[in-house]
Each structure stands twice: as C-alpha cells, then as structure tokens.
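The values are calculated or read from the model by the stated rules, or taken from the named source; none is laboratory data. On a predicted model such as this, the values are computed, not experimentally measured, just so you know. Virtual Cβ from ideal backbone geometry, glycine too; neighbours counted across all protein chains shown. Protein only, heavy atoms only, side chains kept; ligands, DNA and RNA dropped before computing areas. Shrake-Rupley method; radii C 1.70, N 1.55, O 1.52, S 1.80 Å.
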Amino acid sequence: MKSPLLSLPGAVPAEGRDEGVAAHYGDLFREQRALADGSGLVDLSHRAVVTVTGSDRLAWLHLLITQHVSELAPGQATEALILTAHGHIEHALYLVDDGETVWMHAEPGTQGDLVAYLESMKFFYRVEVADRTEDFALVYLPAGSIAEVPDGVTVRETAYGRDLFLPRADLETYAAAHGPVAGILAYEALRVEAHRPRVGFETDHRTIPHELGWIGTAVHLQKGCYRGQETVARVQNLGRPPRRLVFLHLDGSEVVLPGHGTPVRLAADGAEGRQLGFITTSARHHELGPIALALVKRNVAVDAELLAGDTAAAQETVVEP
C-alpha cells in the first residue's frame with residue numbers, strides 16, 4: 001500500500017517495515033512538537049486492518065489472545081498478543097469493539113498470516129474474519145487533539161491518542177482538513193519516549209511478554225485458554241525473564257544513530273567487550289535529543305553505563321530486573 005499522502009509537499013518516503021507512508025514532511029522536530037501539543041495527525045495507512053464479526057466474536061477471541069475480552073464493552077480500547085506454543089510473541093493487536101464488529105490493527109504486511117491463523121481457529125464458532133486493509137486506512141490523532149471524527153468511523157481511544165479506522169478513499173480529504181500531517185519518524189520518537197514496544201522492533205523470534213513490560217497491559221494474568229499461556233504463567237510464578245527492555249539517553253555528539261540490532265555492551269568493557277543486548281529502536285527527540293530502546297540481559301546493573309556500538313548510553317529502567 002502506497003499512501004496518497006506521499007504526494008504532499010516535502011514528503012520523504014519511509015523505508016523498511018514502514019514503507020508506504022512518509023518518514024517526514026521536511027521538518028522532523030516541528031512535526032514532533034505538533035503531535036506533542038495535540039495537533040495534526042499521522043498517516044498509518046500502511047498498517048494491517050482486520051475485523052471479526054459474528055455473535056461469538058468476543059468469546060472466540062478470548063480463547064486465542066492474551067487479553068480478557070469476553071466482556072469487552074463497545075468503544076473500550078485494549079491491546080493483546082498472539083503467542084507461539086512456547087510463549088514467544090507473534091502478533092500485537094490493538095483492538096476495539098463497536099458493538100457489532102471487533103476492529104484491530106497490527107504490523108504492516110502481517111495481515112495475511114494473522115487472518116490465516118484466525119481462520120484456522122474458527123471451528124464451529126459463529127465468526128467471520130476479514131482483511132480490511134485495502135478498504136480502511138489507520139489515522140492517528142495525538143492526545144489532546146480536537147479534530148472531528150466523521151460519523152460512522154470507528155475510533156480506538158487511548159491515553160496516547162485516538163486511532164481512526166478511516167475509509168481509505170477519505171484519507172486525503174481528512175488529512176487536508178485536519179493536518180498538519182506528521183511522518184512516521186515523529187510518531188516513533190514519541191513512542192520511544194513513552195517506552196512503548198513494537199513487534200518487529202523490540203521483538204525477535206524468542207521474545208516473551210515479560211521482557212517488554214506487556215504484562216498487565218496486553219497480557220491478562222487471570223485468564224488461561226490461549227496458546228503460550230503455560231510459558232507466561234511459569235515465568236510469572238516461578239522465574240524471571242532472561243532479558244529486559246531499557247530506555248537509553250544517547251550521546252548527542254554522535255552524528256549517526258545506532259540502528260536496530262546495534263550491539264549494547266558495558267562502557268567499562270569498551271567496544272570489544274561482551275555483547276549484553278541490542279538496540280531495538282533509536283530516534284531523535286525534539287526535547288530529549290537522541291534516544292533509544294534496547295533489550296539487554298536481565299542481570300545488567302540498572303545503573304551501568306552502556307555503549308551502543310561506539311555511542312555512550314545512559315539507561316533508565318523500563319522493565320525491572
């Protein structure tokens with residue numbers, strides 16, 4: 001999906017997982033400040049949009065995901081994970097039910113695998129699963145925004161802002177009326193600042209929810225009956241996760257940000273020391289300067305000075321060791 005908003009003046013296309021929308025529109029910090037002030041919007045139309053309808057939709061989803069949704073009230077936003085049999089994270093779902101349909105968005109390009117898994121689990125339940133990515137574009141309005149929402153548009157409202165499941169044909173018109181439009185880099189910088197993990201960035205093939213602080217927000221500990229639940233319960237009751245998410249303040253004198261996968265080591269050991277983790281997402285923040293999230297071994301001291309590649313980094317605790 002290539003967003004029509006890439007034709008706006010100054011638009012620079014994003015690359016990698018966020019290909020299809022704009023990285024920025026010419027002024028990254030201005031775009032961040034606008035979002036932080038509650039104005040503007042972000043084009044997230046590259047994200048997967050999937051719906052579930054039918055009278056059994058909530059009871060059925062309750063059996064498949066990590067969140068308690070059997071009694072989810074209309075309009076109440078929640079988030080959930082789909083895990084492997086070994087408890088590793090496959091999908092993060094951002095959901096809302098409008099009284100007739102569960103709407104969810106997920107990482108770009110994952111709709112095929114997500115729909116295939118859900119279809120394989122339908123059995124005798126009265127549900128219908130649909131990939132609506134071609135028909136609906138996700139638009140983000142920041143917290144404090146007073147932008148109007150068109151009648152009939154499903155909204156997922158959280159403390160961070162509102163997700164609009166907007167008909168794709170209306171995207172250009174809505175952006176023209178409620179801009180300025182900010183790029184994905186501004187959105188990501190504020191996500192990193194808020195310590196919010198993202199599948200494919202803060203996760204790898206063996207990440208479990210405890211490592212990223214998703215227990216309690218995306219994982220409900222008082223329910224069972226979902227794939228991977230045994231691992232969640234075992235780690236919660238008997239042990240500690242092997243890694244933990246940290247927030248890093250990076251040395252501002254470096255010109256290039258450490259990219260995803262950059263090794264993290266103890267500063268005392270130097271650039272040739274033993275690798276203790278890796279950078280998951282880095283960003284330039286309009287107030288904090290260069291920042292990052294990283295996944296490190298649980299036993300790394302919370303006050304240890306770190307190196308991200310060759311860049312000095314001071315850490316803040318996100319997940320307790």
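Annotations
- Spin-label model, THR158 to ASP98: label points 7 Å out along the Cα-to-beta-carbon direction sit 2.0 nm apart.
- Per-residue [θ]222 nm for the chain (sum of -39500 (n - 2.57) over DSSP H runs n ≥ 4, rounded to 500): -5000 deg cm²/dmol
- Relative pair counts by distance (%), Cα atoms of segment 79-171, 5 Å bins: 3, 11, 20, 24, 20, 12, 7, 3, 1
- Think of a 1.4 Å ball rolled over the protein heavy atoms: the chain then has 44 Å² of accessible area per residue.
- About its Cα centre, the dipole of segment 20-173 is roughly 260 debye, where the only charges are +1 on Lys and Arg Cβ and -1 on Asp and Glu Cβ.
- Karplus 3J(HN,Hα) series, Hz, for segment 12-18 with 6.51 cos²θ - 1.76 cosθ + 1.60 (x for Gly, Pro): 10, x, 6, 10, x, 4, 9
- Of PRO167, LEU141, TRP103, farthest towards positive along the dipole that unit charges on Lys, Arg, Asp, Glu beta carbons give segment 86-192: LEU141
- Note on segment 176-291: percent of Cα-Cα distances in each 5 Å bin, starting at 0 and stopping at the bin with the largest distance, equals 2, 9, 17, 19, 16, 14, 10, 7, 4, 1, 0.
- Note on the chain: GNM, Cα springs under 10 Å; of TYR174, TYR187, TYR117, the largest mean-square fluctuation is that of TYR117.
- The apolar share of the surface of the chain, taken as the fraction of accessible area on carbon and sulfur atoms (1.4 Å probe, ligands and nucleic acids excluded), comes to 50 percent.
- Nitroxide proxy distance, nm - points 7 Å out along Cα→Cβ at CYS225 and ALA267: 5.1
- Cα-based Kirkwood hydrodynamic radius, segment 113-215, one decimal, Å: 16.5
- Of all DSSP bridge pairs formed entirely within the chain, close to 95 percent run antiparallel.
- A straight line joining the Cα centroids of segment 245-288 and segment 102-168 runs 33 Å.
- Projection of the Cα convex hull of the chain, averaged over all directions and equal to a quarter of that hull's surface, yields 16.2 nm².
- On the principal axes of its alpha-carbon atoms, segment 1-96 has extents of 46, 29, 23 Å, going from largest to smallest.
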